[in-house]
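So the structure is just underneath, and the comments pick up after that.
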Amino acid sequence: QVQLVESGGGLVQAGGSLRLSCAASGSTASRYTMAWFRQAPGKERELVAAVDYSGTGTYVTDSVNDRFSISRDNAKNTVYLRMNSLKPEDTAVYYCAARLNWATRKPEDYNYWGQGTQVTVSS
């Protein structure tokens, strides 16, 4: 079992930055690929970024890869999503998720989810 707890969301003006954190607990947490998804009102949940168990393999979706980055600190069992130059269209609930194999875009492929953290970007 892996438990995931997100933090770091909030209200920010356009152009600002936030760093989201996902704290993982469970003896095998460091073995998992970790991913960030987001879901805006009325839209499907979409993959934003992922990092493999070692932290050396990363993926950031094209629409944000010039502004967002993902990293993990296995000593702290924590994954981060750094978001710069935020835009109103980044407004969403951001979720952390975990699966043993490499990332996919399908939420149903992930075994564990956090409760989500709201990010609101004002114009």
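Among 36, 102, 113, which one shows the biggest mean-square fluctuation in a GNM of the chain, springs joining Cα atoms closer than 10 Å? Result: 102 has the largest fluctuation of those listed. Think of the chain as having a plus end and a minus end, set by charges on the Cβ of Lys, Arg, Asp and Glu; of 111, 17, 5, 5 sits farthest toward the positive end of this dipole. Computed over protein heavy atoms with a 1.4 Å probe, the carbon and sulfur contribution to the accessible area of the chain reaches 45%. Averaging the sequence gap over all C-alpha pairs within less than 8 Å and six or more residues apart, then dividing by the number of residues, gives region 1-60 a relative contact order of 25 percent.
In a shell of Cβ-Cβ distance under 10 Å around residue 85, excluding residue 85 itself, what net charge do Lys and Arg (+1) and Asp and Glu (-1) give? Around residue 85, the surrounding residues sum to 0. Solvent-accessible surface of the chain, taken per residue with a 1.4 Å probe and all protein chains present: 51 Å². Across the chain, C-alpha contacts under 8 Å between residues 6 or more apart give a mean separation that, scaled by the residue count, equals a relative contact order of 36 percent. Ignoring aspartates and glutamates fewer than eight residues from residue 106 along the same chain, the ones with Cα atoms less than 17 angstrom from its Cα are 44, 46, 52, 62. The charge dipole of the chain, taken about its Cα centre with unit charges on the Cβ atoms of Lys, Arg (+1), Asp and Glu (-1) only, comes to about 160 debye. Per-residue extension of 0.36 nm, minus the Cα-Cα distance of residue 5 and residue 118, leaves a gain of 39.4 nm for this segment.
The values are calculated or read from the model by the stated rules, or taken from the named source; none is laboratory data. What you see is a predicted model; the values in this text were computed from it and never measured. Reconstructed Cβ throughout: ideal geometry from the backbone, glycine too, with neighbour counts over all protein chains shown. Heavy atoms of the whole protein, side chains included, go into the accessibility calculation; ligands, DNA and RNA do not. Shrake-Rupley method; radii C 1.70, N 1.55, O 1.52, S 1.80 Å.
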